[in-house]
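The values are calculated or read from the model by the stated rules, or taken from the named source; none is laboratory data. None of these values were measured; they are calculated from a predicted model. Cβ sites come from the backbone with ideal geometry, for glycine too, and all protein chains shown count toward neighbours.
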Amino acid sequence: MEQFENPIRRSLAAHTSLPEEQIRLEVPRDAALGDLAFPCFTLAKTLRKAPPVIAAELAEAVGGELEGIAAAATGPYVNFTVERGLLARSVIAKVTAEGERYGHCELGGGETIVIDLSSPNIAKPMSVGHLRSTVIGAAVQRILDALGYRTLAINHIGDWGSQFGKLVAAIDRWGDSVEMETDPIRALLALYVRYHEEEAEDPSLAEEARRCFQELESGIDGPVRARWKRITALSLGEFDKIYARLGVSFQLVRGEAYFEPMLDETVERIEAAGITEVSEGALIVDLSEIAEGIPPCLLRKSDGTTLYATRDMAALFHRWEEYTFQRCLYVVGADQKLHFRQLKAVLERMGLDWEPRVEHVWFGMLRLPEGKMSTRKGRVVFLEEVLDRARDEALAIIEEKNPDLPGAAEIAEQVGVGAVVFNDLKRERIKDIEFEWDEVLSFEGETGPYVQYTHARLASILRRAEAADEGGANPDFSALADAAGVLLRIARFPAVLRSAGAHAEPSEVTTWVLGLCREVNGWYTQHRVLGQEPALTAARLALVGVAATAIARGLAILGLAAPREM
RNA sequence: GCGCCCGUAGCUCAGCCGGAUAGAGCACCGGUUUCCUAAACCGGGGGUCGCAGGUUCAAGUCCUGCCGGGCGCGCCA
């Protein structure tokens, strides 16, 4: 789109008092009005003329000097329409040249952006709640990669806390079961729940758990630590299975425990800034001077032990020293807004100028119809089960609609997982979501499978064209006038990526790709590609090719596969 | 009680830095397959943009108050 916007801006700037970068071009409400629009309201004051008069004069002045772009005044707007042959030739040339890299740019200049995502707790199953952080974070990473940043995805595993004392004690007491190797997370969860229950009757269990955690904290490399290490390894193994299905990988997987040895120096560092104080026996940083009503940050409990915030501070300092990041994004739910507000406030009080680089990329909470999710109350939906059911549903549909499809099992996995992932990325990330099976398992309308299906149909045309050796003629691009909607959507992709990156907002990409698919499907049902006059078939095939590439690019950014058949 | 976020069609959501008659999907009703995958497409009904003020040439979009919902609020993570 820039190849058309830039000359328009230049020309408008020459005929108004406005600098080029201040000229905002919009998309007209009605596509019939034009491809781009310039509203003339702002000029009314300085020129002391009515906007429609200005629009008419500007259209007249600018119209002549723009090659291949018509300018027409409609009321207070100057509307621009790119000549259809030029539009087609230009968009097709660009996408064809860039191919798989369509939309990439060097905006980021290789600057480092750290992304903290997923971060599940070990010994607990991943629920659909963890899905959000994982898929949003991974999509944000791919968007930023495309914009030329150097990104680092960090999985900050929750592997520390007093609950692991219980778990170790439970293994001690009831020993291993076969399940521990076959389905470790369920086994660990069962142990944890049992310990929790029996603890209520027998106080010695609580004491035993405390002793175990103390030993773990002491750093002694004994049987307690060995068990804890085993729990960690088993859990990570299970998580990796899910990550593989989601196509997510990390540059760094590091548990909270890694930062245990750095806690004292972290506290000392904050103390050295002269901002700590002791309140009710605990070591705190008062934050009321940063913002009224914000509670203090607790660094040490009255018994001297550290807290979540202390470990997060340690991890953050470590990250800064290791990477000197341009941005450090925490893809963590809305329930932790205060926590990150406090972390940043501590940095601010320490006078660290890189504080603004730390951002909490928060997302809305996922609720079940019966209320907030709770592992202890058994109100959870396991992610693995969601992915399995979606895959099974996809397979059932394939068997019904395309029974001879080769590789059906693999494609069912791609489509099922795609449905789940897309569903999580399609709304603005800050919106709360109520989990409903019907919605997650829906494959029609604004869904991942709809986008994949659109792509597969285009791929089918390309496959048949190749088999029939069609499309070799010189394409008549002027014949693609009726595909302007598709071409304009494709042309907006680079701008969509830039905006999505700036906002850390994958839903801008889902919205774009859905709009593109709507245009494509509308066009598809009205036009036949193969077997037309050679110049027409060639032009339509070129269009189909770039549309398929653009949709595949969108799917790839979002983390969905783009099967060529389904 | 205090703080933060959300509130657009029956449901789920778009709506670009305030700009031209508020757009999709689902659901409902009607239509489209001798034709490149009907997981699609086309048409129809359905909206006081939570409510009340304010700023502006112009407000779904900005400001204030209220109502409804969500989340959070010192020794959990």
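A few notes on this one:
- Taken as a whole, the structure leaves A:E321 outside the set of residues that are more than 7 Å from RNA strand B (Cβ to nearest atom), more than 30 Å from A:G110 (Cβ to Cβ) and not polar (S, T, N, Q).
- Test: residue in region A:170-185 that is in contact (Cβ under 8 Å) with a residue 40 or more places away in the chain and either over 24 Å from A:S127 (Cα atoms) or of a type in the set (S, T, N, Q) (or both): yes
- Taking the criterion of being surrounded by 15 or more Cβ atoms within 10 Å (Cβ to Cβ), small (G, A, S) and outside any helix (DSSP H, G or I), the only residue of region A:201-250 that qualifies is A:G247.
- Scanning region A:139-162 for residues that are part of a helix (DSSP H, G or I) and touching a helix residue (DSSP H, G or I) at 6+ places or on another chain (Cβ under 7 Å) yields a count of 5.
The rows are residues; the columns are (1) crowded, with 17+ Cβ neighbours inside 10 Å; (2) within 20 Å of A:V91 (Cα to Cα); (3) in contact with a strand residue (DSSP E or B) (Cβ under 6 Å, 6 or more places away or on another chain); (4) among the small types (G, A, S).
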position	(1), (2), (3), (4)
A:F4	yes, yes, yes, no
A:T16	yes, no, no, no
A:P19	no, no, no, no
A:R24	no, no, no, no
A:A31	no, yes, no, yes
A:G34	yes, yes, yes, yes
A:C40	yes, no, no, no
A:K45	no, no, no, no
A:K49	no, no, no, no
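- Identity of the residue in region A:513-566, of a type in the set (D, E) and not in a helix (DSSP H, G or I), that ends up farthest from the chain's Cα centre (by Cα): A:E533
- Just one of the listed residues (A:L152, A:L167, A:L131) is away from RNA strand B (no atom under 16 Å from the Cβ) and not aromatic (F, W, Y), namely A:L152.
- Listing of strands (runs of 3 or more DSSP E) fully contained in region A:1-119 that carry 2 or more residues being free of Cβ contacts under 8 Å to residues at least 40 places away in the same chain and within 15 Å of RNA strand B (Cβ to nearest atom): A:69-74
- For region A:513-523, the set of residues classified as within 20 Å of A:V420 (Cβ to Cβ), in contact with a helix residue (DSSP H, G or I) (Cβ under 6 Å, 6 or more places away or on another chain) and near RNA strand B (Cβ under 9 Å from one of its atoms) consists of A:C517 only.
- Tally of residues being within 11 Å of A:N79 (Cα to Cα) and of a type in the set (V, I, T) across region A:27-49: 1
- Matching residues in region A:337-348 - criterion: being in contact (Cβ under 8 Å) with a residue 40 or more places away in the chain and within 15 Å of RNA strand B (Cβ to nearest atom): A:L338, A:R341, A:Q342, A:L343, A:A345, A:V346
For (1) modelled with pLDDT under 95; (2) away from RNA strand B (no atom under 12 Å from the Cβ); (3) in a helix (DSSP H, G or I), each residue gets a yes or a no:
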residue: A:Y453; (1), (2), (3): no, no, yes
residue: A:I461; (1), (2), (3): no, no, yes
residue: A:A473; (1), (2), (3): yes, yes, no
residue: A:L480; (1), (2), (3): no, yes, yes
residue: A:E508; (1), (2), (3): no, no, yes
residue: A:T511; (1), (2), (3): no, no, yes
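- None of A:A314, A:A396, A:A334, A:A390 is among the small types (G, A, S), under 21 Å from A:I290 (Cβ atoms) and either within 12 Å of RNA strand B (Cβ to nearest atom) or in contact (Cβ under 8 Å) with a residue 60 or more places away in the chain (or both) except A:A334.
- Here is the figure for region A:339-351: residues that are over 22 Å from the mean Cα position of the chain (by Cα) and in a helix (DSSP H, G or I) total 8.
- Subset of region A:352-381 [in a loop (DSSP other than H, G, I, E, B) and over 24 Å from A:E289 (Cα atoms)]: A:G364, A:M365, A:P369, A:E370, A:M373, A:T375, A:R376, A:K377, A:G378, A:V380, A:V381
- Selection within region A:425-447 - of a type in the set (V, I, T), near RNA strand B (Cβ under 6 Å from one of its atoms) and assigned to a loop (DSSP other than H, G, I, E, B): A:I430
- Residue count for region A:295-304 under the criterion of being more than 7 Å from RNA strand B (Cβ to nearest atom) and either in contact (Cβ under 8 Å) with a residue 60 or more places away in the chain or part of a loop (DSSP other than H, G, I, E, B) (or both): the result is 1.
- Taking residues in region A:492-503 that are over 18 Å from A:T112 (Cα atoms) and part of a helix (DSSP H, G or I), and partners anywhere that are within 13 Å of RNA strand B (Cβ to nearest atom) and of a type in the set (S, T, Y), the pairs with Cβ atoms closer than 9 Å and at least 6 places apart or on different chains are A:V496/A:T511.
- The residue list A:F422, A:F363, A:F382 contains one member that is among the aromatic types (F, W, Y), away from RNA strand B (no atom under 11 Å from the Cβ) and either surrounded by fewer than 17 Cβ atoms within 10 Å (Cβ to Cβ) or more than 19 Å from A:A562 (Cα to Cα) (or both), which is A:F382.
- Selection within region A:524-544 - more than 6 Å from RNA strand B (Cβ to nearest atom) and either closer than 21 Å to A:K94 by Cα or in contact (Cβ under 8 Å) with a residue 60 or more places away in the chain (or both): A:G531, A:P534, A:A535, A:L536, A:T537, A:A538, A:A539, A:R540, A:L541, A:A542, A:L543, A:V544
- Number of the condition not met by A:I398 [criteria: (1) at pLDDT below 95; (2) over 25 Å from the mean Cα position of the chain (by Cα)]: (1)
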